[in-house]
Amino acid sequence: MRAALDAARTGQRGANPLVGAAVLAEGRVAALGWHRGAGAPHAEVEALAQARRAGNDLSRATVVVTLEPCHHHGRTGPCTQAILEAGVRRVVYATEDPTPRARGGAQALRRCGLSVVSGLLAREAASLNHRWLRAVAQDRPFVTAKVAQSLDGRTAAVDATSQWITGVQARAHAHQLRARCDAVLVGTGTLLADDPRLSARDPQGRDLPDQPLRVVMGTTEVPPGAALRSGRWCHLRTRDPHEALAQLAGQGVRHLLVEGGARVTTAFLAQDLVDSLVVYQAPLLLGAGAASVADIGVTTLTQARRLELDREPVRLGEDVLLELSPVER
Ligand code: AOF
Ligand code: ZN
């Protein structure tokens with residue numbers, strides 16, 4: 001289970017949980033697998049495929065997985081079925097799957113005669129996914145907020161010029177992030193200032209295969225010639241992030257990317273609705289320019305909102321990518 005938990009951390013935080021799996025066969029860890037993110041195969045399917053490729057006899061094998069195997073036809077098939085087809089004897093998992101669509105795997109496997117054990121290292125597994133678990137419990141999309149900023153936390157210079165603070169590689173990464181999300185949201189202020197397309201594009205400017213829903217939030221009207229109208233888009237006439245999330249959940253959005261500007265990002269942060277923060281940190285100073293985050297109600301250091309790194313920082317050209325989760329208060 002420790003090896004499975006380590007493998008789980010390799011995945012991407014988002015609408016799907018981080019999940020890792022190990023196959024125990026012939027007295028050792030025969031294979032490890034992890035879930036790479038929404039749309040990709042689930043952890044146990046990866047681990048079983050790996051074990052099979054290595055030529056292991058699975059008839060007496062155990063599958064160890066950090067989350068109860070799913071029992072639904074989602075973007076991929078049910079893991080319960082993959083486990084049954086592999087012919088293993090025993091399944092050990094850490095925490096229950098709380099989602100109404102996917103849960104029930106343990107019971108289904110027991111009914112088919114497998115030995116199923118739960119609760120191993122459950123606390124560690126739950127803490128790995130506590131933000132995801134919270135979003136599921138609140139029945140709202142998982143929220144990733146993206147900030148591209150100067151070293152001194154600015155997103156524009158004093159005269160409002162803001163193209164380009166980050167370099168080509170960081171921008172390419174940000175477009176891949178858009179493609180992984182179901183929807184990308186900006187406020188009406190950013191819409192009027194930048195007229196963004198909000199599409200996911202490759203460095204040559206071509207659309208990537210997966211395109212997010214483009215969302216504008218705020219009470220100002222969307223101009224008839226706005227660039228984002230060239231794709232699937234919607235306007236949420238509210239300034240309340242809770243209300244916006246409820247409406248998006250109703251449209252089937254499970255992973256929302258909040259792209260700014262500062263007013264919208266601040267509103268989500270102030271309501272503690274950011275589950276994951278992605279920062280592209282550029283090595284330049286803008287001095288008195290616009291700040292990436294405004295008043296979130298912190299007036300003294302003890303009230304500071306603390307975040308922790310989900311993984312090691314990554315260098316993208318001249319810029320640095322930071323992936324963070326807010327620490328529970
Ligand atoms: C598993 N193993 O590795 C993961 C599971 O996006 P889908 O349709 O592939 O399904 C995602 C849901 O499946 C997710 O919300 C969670 O309930 C479960 N995730 N289950 O057996 C895995 N990632
Ligand atoms: Zn599954």
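Computed from the coordinates by the stated procedures, all read-outs in this text should not be read as laboratory data. Keep in mind that this is a model prediction, so the values were computed, not measured. Using ideal geometry, Cβ is built from the backbone for each residue, glycine included, and neighbour counts are taken over all protein chains shown.
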If you build a Gaussian network model of the chain, linking Cα atoms that sit under 10 Å apart, which residue out of 281, 149, 81 swings the most? 81
The range 233-274 - Rg (one decimal) and Dmax (whole number), Cα, Å: 9.9, 26
Counting other beta carbons within 10 Å of each Cβ, put 70, 112, 234 in order, fewest first. 112, 234, 70
Residues of the range 118-161 with amide N under 18 Å of a point placed 7 Å along Cα→Cβ from residue 315: 151
In Å and on Cα atoms, what radius of gyration and Dmax does the range 50-148 show? 15.4, 52
Sticking to Cα atoms, compute the Rg of the chain to one decimal and its Dmax as the biggest Cα-Cα distance, whole number, in Å. 21.6, 69
The exposure ranking of 118, 162, 199, fewest beta-carbon neighbours within 10 Å first, is 118, 162, 199
Just to be sure I understand the model, the point goes 7 Å from the Cα along the line to the Cβ. What's the resulting residue 300 to residue 220 distance in nm? 3.7 nm
Over the chain, relative contact order from alpha-carbon pairs under 8 Å, at least 6 apart, %: 15 percent
Where both partners of a DSSP beta bridge lie in the range 125-251, what percent of those bridges are antiparallel, to the nearest 5? 10 percent
If each of residue 308 and residue 329 carries a label point 7 Å out from its Cα toward its Cβ, how far apart are those two points in nm? 1.8 nm
Place a point 7 Å from Cα of residue 124 in the direction of its Cβ. Which residues in the range 65-82 have their backbone N less than 16 Å from it? 65-68
Listed with the fewest Cβ neighbours within 10 Å leading, 132, 34, 164, 233 appear as 164, 233, 132, 34
Evaluated at q = 0.11, 0.17, 0.20 Å⁻¹: base-10 log I(q)/I(0), Debye formula over Cα of the range 154-308: -0.45, -1.12, -1.54
Residue-averaged [θ]222 nm for the chain, counting only DSSP H segments that reach four residues, each worth -39500 (n - 2.57): -7500 deg cm²/dmol
So residue 73 and residue 206, fully extended at 0.36 nm per residue minus their Cα-Cα distance, gain in nm 44.7 nm
Rounded to the nearest 5, the percent of DSSP beta bridges in the chain running antiparallel is 45 percent
Residue separation between residue 227 and residue 115 times 0.36 nm, minus their alpha-carbon distance, gives in nm 34.7 nm
Given Cβ point charges of +1 (Lys, Arg) and -1 (Asp, Glu) and nothing else, what value in debye, to the nearest 20, does the dipole of the chain about its Cα centre take? 740 debye
Percent antiparallel among DSSP beta bridges with both residues in the range 182-277, to the nearest 5? 10 percent
